[in-house]
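These notes are about the structure you will find just below.
Each value in this text was obtained by applying a stated rule to the coordinates, not by laboratory testing. Small disclaimer: the values here were computed from a predicted structure and weren't measured. Cβ sites come from the backbone with ideal geometry, for glycine too, and all protein chains shown count toward neighbours.
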Amino acid sequence: MGQHTFETDCKCKECNGTGLYVGLAERDGAAVVCHTCKGTGKGHIKITYEDFEGREKREDVERVFEVNCGIVVGKGKDGELALADFGGIPYEEWLSGGGFPAGSEMRRFVCPAWHAQSTMKEQPKQEREGGWCLSDLGLRFSACRLFGCKHECWEKWDADGAEASAS
């Protein structure tokens, strides 16, 4: 495995090569000497890297999650939670190329809209008795009046997904 260093001079990205910086406080034709390049307009890049020879294995990981939706994931004190309680798939399954099947989301803790936003997938439009998913209103997902029964949203998500894959 080889280690390489790439190094070159470039245009200073802070002042765009001018040597002068104009920011929020500099107005009406005022400028200051760029603190990054000291007025030279010249920047410098140095990148050190190793050749990629394949993904390396981790010994400290048991379970892999498609995304963290912004909650602490762990076993909890006194073993009150298992990693599987958060969803995900076993590390070995992920390592062998396994995808994230339905049910591997953090369903106990987040709703489908929260998961979709975190994975940057299309958000579901969940019409339910009692109203629409409130994620469209710019509120916290956990503030949605339907959040306490998010399992019903997940059931609809699964049913909609099954219909989409059947067509």
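Scan the stretch 6-114 for trypsin sites (Lys or Arg not before Pro) in coil per DSSP, keeping those whose Cβ has at most 16 other Cβ atoms within 10 Å, and list them by number.
K13, R27, K38, R55, K57, R58, K75, R108
Setting aside same-chain residues fewer than 8 positions from K38, which lysines have a Cα under 21 Å from its Cα?
Result set, ordered by chain and number: K11, K13, K46.
Kirkwood Rh over Cα pairs of the stretch 3-50 into Stokes-Einstein at 25 °C, 0.890 mPa s: D in µm²/s?
Once the numbers are plugged in, D ends up at 209 µm²/s.
What share of Cα pairs, in percent, lie more than 18 angstrom apart in the stretch 55-103?
Every Cα pair in the stretch 55-103 considered, those over 18 Å come to 34 percent.
Relative to the first principal axis of the alpha-carbon coordinates of the chain, what is the inclination of helix 150-166, with its axis defined by its Cα atoms, in degrees from 0 to 90 and to the nearest 10?
90
So which lysines can K57 reach, going by Cα to Cα under 24 Å and dropping same-chain residues fewer than 8 places off?
K75
Please give the per residue volume of the convex hull enclosing the alpha carbon atoms of the chain, rounded to a whole number of Å³.
Roughly 264 Å³ of hull volume per residue.
Sequence-distant or interchain residues sharing an amide H contact under 5 Å with V64, placed H: which?
Residues meeting the amide H criterion: I89, Y91.
To the nearest 500 deg cm²/dmol, what mean residue ellipticity at 222 nm is calculated for the chain from DSSP H runs of n ≥ 4 alone, each contributing -39,500 (n - 2.57), summed and divided by the residues?
-5500 deg cm²/dmol
Identify all lysines with a Cα-Cα distance to K156 below 18 Å; exclude those on the same chain that are fewer than 8 residues away in sequence.
K121, K125
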